[in-house]
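Engineer: Can you read through this structure? Questions will come right after.
Computed from the coordinates by the stated procedures, all read-outs in this text should not be read as laboratory data. All values derive from a computational prediction rather than experimental measurement. Don't worry about glycine lacking a Cβ; one is built from the backbone with ideal geometry, like all the others, and counts go over all protein chains shown.
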Amino acid sequence: MPLDYDNLAAAYARNRRVHPGVLRLLVETGRINDACAVLEVGCGTGNYSIALREATGCRASGVDPSAEMLATARARSVTIDFRQGRAEALPLADATCDLIFSVDVIHHLAERAAFFREAARILRRGGRLCTVTDSAEDIRRRCPLSSHFPETVTVELARYPSLETLRGEMAEAGFTHSWTETTKQPYPLADIQGYRERAYSALHLITDDAFQRGIARLERDLRDGPIVALSLYTLVWGE
C-alpha cells in the first residue's frame, strides 16, 4: 500500500535531519558552488535543498509530489524554487542543471528508468546525478531501525534496488560513468519521538505488534543512557 506523504509531512519536518556526511559529499563530489543549478528530486520538507543553498549559495530547486511536504518546505525558504511534480516527469527544461540528487527516494519510484532518462535530459553536459540510498549491508547495520525493529530488514531488502541494478539502469539512460561512495554517522540517541511518530517509512510497513516491540526495546535500552545509533548511506553517482 502506498504511503500518504501528505499526512506524514508534519512528522517528517519534526524529526528528519540532514546527514552531515551526505551533505559534505554532495558539495564535494557534486562540485557545487554559487554558480551551479541544483535539483533535489523528492525534496520532501526541503532539508537538503535548504542546507545545500546555505552551504554553497547555489541556485536550488526541489520537486516533490506531496502538496503538504512542499507547503512545509516553502514556509522554510523563499529562495528555493519548490515545485510539485513526479520524478518520472520532471517539470524542468533540458540541460538546465549541474547536479540532480535524491535522498532516500529511489526505492519509492515506480519507474526508475523514466526518472534516470529525465535526469539525463535535464543535466548539462558533464553534469552529475547522485542517488543517495542504502545498500543491503547498510540496511542490516542500521541502528536503531534494524537493530530494534528487525522486521524492517526483510521489508527494506525487498524494496531497495541493489547498487548494481541502479548503475545498470543509469548506464541505459545515458550515464557513461558511475561510481559509489559511502558515509556513516554514529551518534547518541536519547530522544525516540521520531520512532514513536513513525517518521521513517519502514515503520509503516511492519505490523503494529512488531512496531510496539521495537518501541519497548528502545525504551528499555534508554534506561541505561543514550543509545549508540548509526546512520549509513551509499551514494551512487553518474556523470
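Engineer: Calculate, in nm to one decimal, what HIS107 and ALA210 gain on full extension: separation in residues at 0.36 nm each, minus their alpha carbon distance. List each step's numbers first, then the result.
Structural biologist: Values: separation 103, 0.36 × 103 = 37.08 nm, distance 2.20 nm.
Full-extension gain reported as 34.9 nm.
Engineer: Over the chain, what portion of Cα pair distances is larger than 24 Å, expressed as a whole percent?
Structural biologist: Values: 12738 of 28441 pairs.
Within the chain, distances greater than 24 Å cover 45 percent of Cα pairs.
Engineer: I'd like the orientation of helix 112-122 relative to the chain: the angle between its Cα long axis and the longest Cα principal axis, in ° from 0 to 90, rounded to 10.
Structural biologist: Helix 112-122 sits roughly 40 degrees off the main axis of the chain.
Engineer: Per 0.36 nm of contour for each residue apart, how much would the distance between ALA114 and ASP81 grow if the chain were fully extended, relative to their Cα-Cα spacing? Numbers along the way, then the final one.
Structural biologist: Working: separation 33, 0.36 × 33 = 11.88 nm, distance 2.25 nm.
Extra length available between ALA114 and ASP81 comes to 9.6 nm.
Engineer: Given labels modelled 7 Å from the Cα in the Cβ direction, how far is it in nm from ARG17 to THR165?
Structural biologist: Once both label points are built, they end up 3.1 nm from each other.
Engineer: When DSSP assigns beta bridges and you keep just the ones with both residues in the chain, what percent turn out antiparallel, to the nearest 5?
Structural biologist: On the way: 19 of 37 bridges.
About 50 percent, rounded to the nearest 5.
Engineer: Figure the gain on full extension for ARG24 and TYR187 (residue separation times 0.36 nm, minus the Cα-Cα span) and round it to one decimal in nm.
Structural biologist: Numbers: separation 163, 0.36 × 163 = 58.68 nm, distance 1.70 nm.
Value of the extension gain: 57.0 nm.
Engineer: Turning to a different aspect of this structure: Quick check: Cα centre of the stretch 154-231 to Cα centre of the stretch 26-55, how many Å?
Structural biologist: Spelled out, the Cα-based centre of one part sits 22 Å from the other.
Engineer: On C-alpha positions alone, give me the angle between the axis of helix 5-15 and the longest principal axis of the chain, in degrees, nearest 10.
Structural biologist: 70 degrees
Engineer: Put +1 on the Cβ of every Lys and Arg and -1 on every Asp and Glu Cβ in the stretch 5-238; which of SER135, ILE100, ALA55 then has its Cα farthest towards the positive end of the dipole?
Structural biologist: Checking the options against the dipole of the stretch 5-238, the answer is ALA55.
Engineer: By how many degrees, 0 to 90 and rounded to 10, does the Cα axis of helix 47-56 deviate from the longest principal axis of the chain?
Structural biologist: The two axes meet at around 50 degrees.
Engineer: Given only helices, namely DSSP H runs of n ≥ 4 each adding -39500 (n - 2.57), what is the per-residue ellipticity at 222 nm of the chain, to the nearest 500 deg cm²/dmol?
Structural biologist: Numbers: 11 runs with 100 residues, N = 239.
My calculation for the chain gives -12000 deg cm²/dmol from helical runs alone.
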